[in-house]
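> Please read through the structure below; I'll follow up with questions.
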Amino acid sequence: GYGIIYPSPEEESLSLQVTWARPSYREDGSPLDPEEISSYVISYSHEDFTADIYVHGAENTSYLIQGLVPGRYSVTVSVVDVHGIFSAPSGAFTIDI
């Protein structure tokens, strides 16, 4: 006989667009030239899972995190300058997706 095999449904996969403003000042109030920004670090967590994503270049102020499962996520963004100095993370925002 003949039969049709259907692929099993994939687990639901979601994405989250994270956008931020390029800072103009360091935490101490001194000016921060865009050429001094090496990258941004997006840190996100869901339940017991935590990940960091490095986004290189001062002009890149948006990133699409893909492959997420439904649930509550907490996200922060930090700046890394050309000397490897990390800023304190932004205030965390929490989102349910």
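> Can you tell me which residues in segment 40-59 are open to solvent by 80 Å² or more (accessible area, probe 1.4 Å) and not β-branched (Val, Ile, Thr)?
Residues satisfying the conditions are GLU47, ASP48, PHE49, ASP52, TYR54, HIS56, GLU59.
> Could I ask something else about it? What number goes with the only condition from (1) at pLDDT 95 or above; (2) not in a loop (DSSP other than H, G, I, E, B) that PRO89 does not pass?
Of (1) at pLDDT 95 or above; (2) not in a loop (DSSP other than H, G, I, E, B), only one is false for PRO89: (2).
> For the structure I just gave you, tell me whether TYR6 is at pLDDT below 95 and aromatic (Phe, Trp, Tyr).
yes
> Condition first: open to solvent by 80 Å² or more (accessible area, probe 1.4 Å) and within 24 Å of LEU32 (Cα to Cα). Now tell me which residues in segment 60-88 satisfy that.
Result: TYR63, VAL82, HIS83, ILE85, PHE86.
The values are calculated or read from the model by the stated rules, or taken from the named source; none is laboratory data. This is a predicted model, so every value here is computed, not measured. SASA here: full protein model, heavy atoms, side chains in, ligands and nucleic acids out. Shrake-Rupley method; radii C 1.70, N 1.55, O 1.52, S 1.80 Å.
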